[in-house]
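Peer 1: Pasting a structure below so you can have a look.
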Amino acid sequence: MTRVALINPNWNFAGSIYFGCRSPHLPLELGISEHYLKAAGHNTLLLDAHMFDLSLTDIEAELRRFQPDLIVITTAPTYLFWRCAPPELRVPQELAMAVRDSAPILVAVGPHGSTTPRTALKKLGVDVVVMGECERSVVRLANGERDFPGLCLTNGPSLRVNGGPQAVEFKDQPALRWPAEMIRRHHHHHHRFDAEPKAPGAEVEASRGCPYSCTFCAKENFRNAYRKRPALIVLEEIDRLRDQGIEYLYFIDEIFLPNAELLAGMTTRDLKFGVQTRIDLWKPDMLALLGRAGCVSIEAGIESLTAEGRAALAKNCRMSTDQLADRLVEARRHVPFVQANLIEVPEDDDPVVQRWRRLMQDAGVWANDPVPLYPYPGSPDYRKLWGEPDDFAWERAHQHYLAIFDQFSDVQEDRPVPLSALELQVAS
């Protein structure tokens, strides 16, 4: 039996370009890993430093009591944000340094190691980096295995990369169970705007991956191929969360596709929920069912208002802009909050975009001011600019982004700063 500590850092996003939500969410990759570790007979400690606001000193004290053989650190705030993680590794670097002597083996999981494993291992000073979806690899590491695909690890004075990023079956993932105190502390309702929270929220994963290959989406090295869990298993997990007192949940699926069985099941649960999806995949009758099931928030990826812009982003969208607008308004008939996500692209004329935004807002649909595109390493956009990611990939993408944009996302309070100012510097 191996004693495994799974740690979600206490995230701090000062100076970051981070586009994701900054509130605590369930650390799904660690919760799933813990489930499989326990099933394999290992002893686990799940520390969510973000949810519980734990300092490095608090974490070290917990580890002294637990005496782990292996520590796992994630480099992104939950699976929900692996595709748009903070580019910098400052927070996990600080955590890795603090716990370096608390266990013989230190492991990092997350998008950084999945895309640039050698760089992540060097920057973090860990022993092993897991590439790709991590839950099964963490169990194999706890079992004492070291020579299997999907790892970057120290090999004496050098580094060794075994194969590439790995994916799991996912469709066989059973219903998860979260600690009651973690759920009680989950005050945030992700992307909910129709009402103030009165009870806890949670996140659930009904499907993983996406059948589309939009150029801006960094998913190819992790959470790529589309897979769906059986609706009955997802509903079982939701029932456990409901028994723990939640009133709202958010489906973290890269693309929440119409699922009549799951939505029919949700109609009897008396819960509210939010999704991210493509509005062109929803017909009016399914939008009506989505509303009856309890959906109160839709994030719909429109990205560009021109056919040329959507084609440049490889959206593979068969609807016109007018048809997309009609479908958004139809969705708003059934769901209290509908957002059309827009990206800043050369094909879109700003006055046209602003007029369209006002039209949508008059119809009750929120359309954001177009967000500058960040060429995440591992995305097709990065490859179009520079080829395959190398050891300087994150710095290159960051420098490019800061150089060409003078306005940033409205979630960024200050101008983002260079990676070199955000990360701890390590000897190459």
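The values are calculated or read from the model by the stated rules, or taken from the named source; none is laboratory data. Being a predicted model, the structure only gives us computed values, none of them experimental. Using ideal geometry, Cβ is built from the backbone for each residue, glycine included, and neighbour counts are taken over all protein chains shown. The area values use the complete protein model at the heavy-atom level, side chains included, leaving out ligands, DNA and RNA. Shrake-Rupley method; radii C 1.70, N 1.55, O 1.52, S 1.80 Å.
Peer 1: Dipole of the chain (Lys/Arg Cβ +1, Asp/Glu Cβ -1, origin at the Cα centre): which of Gln244, Trp282, Leu80 lies farthest to the positive side?
Peer 2: Farthest along the dipole direction, towards plus: Gln244.
Peer 1: A follow-up question, please. Could you calculate the contour length gain from Val329 to Lys384, that is, 0.36 nm times the residue separation minus the distance between their Cα atoms, to one decimal place in nm?
Peer 2: Working: separation 55, 0.36 × 55 = 19.80 nm, distance 3.48 nm.
Extra length available between Val329 and Lys384 comes to 16.3 nm.
Peer 1: Follow-up question, since we're still on this one. Enumerate the lysines that Lys198 could reach by cross-link, defined here as Cα to Cα under 24 Å, with residues fewer than 8 away along the same chain left out.
Peer 2: Lys272
Peer 1: With a ≥ b ≥ c the root eigenvalues of the C-alpha gyration tensor of segment 61-151, is it rounded (a/c under 1.5), prolate (a/b larger than b/c) or oblate?
Peer 2: oblate
Peer 1: According to a simple spin-label model (label point 7 Å from Cα along Cα-to-Cβ), what is the distance in nm between Ala307 and Leu359?
Peer 2: 1.6 nm
Peer 1: Given that just one value was derived from the coordinates, which of (1) 71, 60, 50; (2) 60, 50, 35; (3) 73, 47, 45 is Cα extents along the principal axes in Å?
Peer 2: (2)
Peer 1: Continuing with the same structure: Mind checking the full-extension length gain between Met97 and Tyr226? Use 0.36 nm per residue of separation minus the Cα-Cα distance, one decimal, nm.
Peer 2: My answer for the length gained is 42.8 nm.
Peer 1: Work out the FRET efficiency for Arg292 and Gln399 from their Cβ-Cβ distance, taking R0 = 56 Å, and round it to the nearest 0.05.
Peer 2: Rounded to the nearest 0.05, the efficiency is 0.70.
Peer 1: Additional query: Does segment 189-254 come out rounded, prolate or oblate by the C-alpha gyration tensor, with a ≥ b ≥ c the root eigenvalues, rounded set by a/c under 1.5 and, if not, prolate when a/b is larger than b/c and oblate if not? Please report the intermediate quantities before stating the final value.
Peer 2: Numbers: a/c = 3.56, a/b = 1.62, b/c = 2.20.
Here segment 189-254 falls in the oblate category.
Peer 1: Here's another thing I want to ask about it. With +1 on the Cβ of every Lys and Arg and -1 on the Cβ of every Asp and Glu, and nothing else charged, how large is the dipole of segment 321-409 about its Cα centre, in debye rounded to the nearest 20?
Peer 2: Around 400 debye, computed over segment 321-409.
Peer 1: Once the piece of chain linking Asp243 and Trp366 is laid out straight, how much longer is it, given 0.36 nm per residue of separation minus the C-alpha distance between them?
Peer 2: Values: separation 123, 0.36 × 123 = 44.28 nm, distance 3.30 nm.
Using 0.36 nm per residue and subtracting the Cα-Cα distance, I get 41.0 nm.
Peer 1: While we're looking at this one, here's another question. Against the longest principal axis of the chain, how steep is helix 90-99, in degrees 0 to 90 to the nearest 10, with axes from Cα atoms?
Peer 2: Computed tilt is about 30 degrees.
Peer 1: Among bridges DSSP assigns within the chain, what percent are antiparallel (round to 5)? Spell out each step's value before the answer.
Peer 2: On the way: 10 of 49 bridges.
Within the chain, antiparallel bridges account for around 20 percent of the total.
Peer 1: Under a Cβ-Cβ cut-off of 11 Å, what is the net charge of the residues other than His398 that fall near it, where Lys and Arg count +1 and Asp and Glu count -1? Don't jump to the answer; show the numbers that get you there.
Peer 2: On the way: positive: Arg396; negative: Glu88, Glu395, Glu423.
Cβ neighbours under 11 Å give a net charge of -2.
Peer 1: Given a 1.4 Å probe and heavy atoms of the protein chains only, how would you sort Trp394, Trp366, largest accessible area at the top?
Peer 2: Largest to smallest exposure gives the sequence Trp366, Trp394.
Peer 1: When a/c is below 1.5 the answer is rounded, else prolate if a/b is larger than b/c, else oblate, so apply that to segment 1-72 with a ≥ b ≥ c taken from the square roots of the Cα gyration tensor eigenvalues. Don't skip to the answer; put the middle values down first.
Peer 2: Numbers: a/c = 2.95, a/b = 1.59, b/c = 1.85.
Verdict is oblate for segment 1-72.
Peer 1: Just reorder Asp362, Asp349 by solvent-accessible area, largest first, 1.4 Å probe, all chains present.
Peer 2: The ranking, largest first, comes out as Asp362, Asp349.
Peer 1: All other residues with a Cβ under 13 Å from the Cβ of Glu169 taken together, and with Lys, Arg as +1 and Asp, Glu as -1, what is their net charge? Please report the intermediate quantities before stating the final value.
Peer 2: Numbers: positive: Arg136, Lys171, Arg208, Arg227, Lys228, Arg229; negative: Glu133, Glu135, Asp172.
Summing Lys and Arg as +1 and Asp and Glu as -1 gives +3.
Peer 1: Rounded to the nearest 10 degrees, what's the angle between the helix 350-362 long axis and the longest principal axis of the chain, both from Cα atoms, 0 to 90?
Peer 2: The two axes meet at around 80 degrees.
Peer 1: Please report, to two decimal places, log10 I(q)/I(0) for segment 269-428 at q = 0.13, 0.15, 0.16 Å⁻¹ as given by the Debye formula with identical point scatterers on the Cα atoms and no solvent.
Peer 2: -0.74, -0.91, -0.98
Peer 1: Around Val371, which amide H atoms from residues at least 5 apart in sequence, or from another chain, sit under 5 Å from its own amide H, with H modelled in the peptide plane?
Peer 2: Under 5 Å from the amide H of Val371: Leu342, Ile343, Glu344.
Peer 1: Something else about it: Assuming R0 = 22 Å, can you tell me the calculated FRET efficiency for the pair Ser320 and Asp285, based on Cβ-Cβ distance, to the nearest 0.05?
Peer 2: Efficiency for this residue pair is about 0.55.
Peer 1: So, one more: Which value in Å does the Kirkwood hydrodynamic radius of segment 120-177 take, with 1/r averaged over all unlike C-alpha pairs and then inverted?
Peer 2: Kirkwood hydrodynamic radius for segment 120-177: 12.4 Å.
Peer 1: Which FRET efficiency value, to the nearest 0.05, is calculated for Arg415 and Cys21 with the Förster distance at 25 angstrom and r the Cβ-Cβ distance?
Peer 2: Efficiency computed from Cβ-Cβ geometry: 0.80.
Peer 1: What net charge do the residues around Gly209 carry, taking every other residue with its C-beta under 13 Å from that of Gly209, with Lys and Arg at +1 and Asp and Glu at -1?
Peer 2: After counting each charged neighbour, the total is +2.
Peer 1: Same structure, new question: Using Cα atoms only, what is the angle between the long axis of helix 321-334 and the major principal axis of the chain, expressed in degrees (0 to 90) to the nearest 10?
Peer 2: Relative to the chain, helix 321-334 is tipped by roughly 80 degrees.
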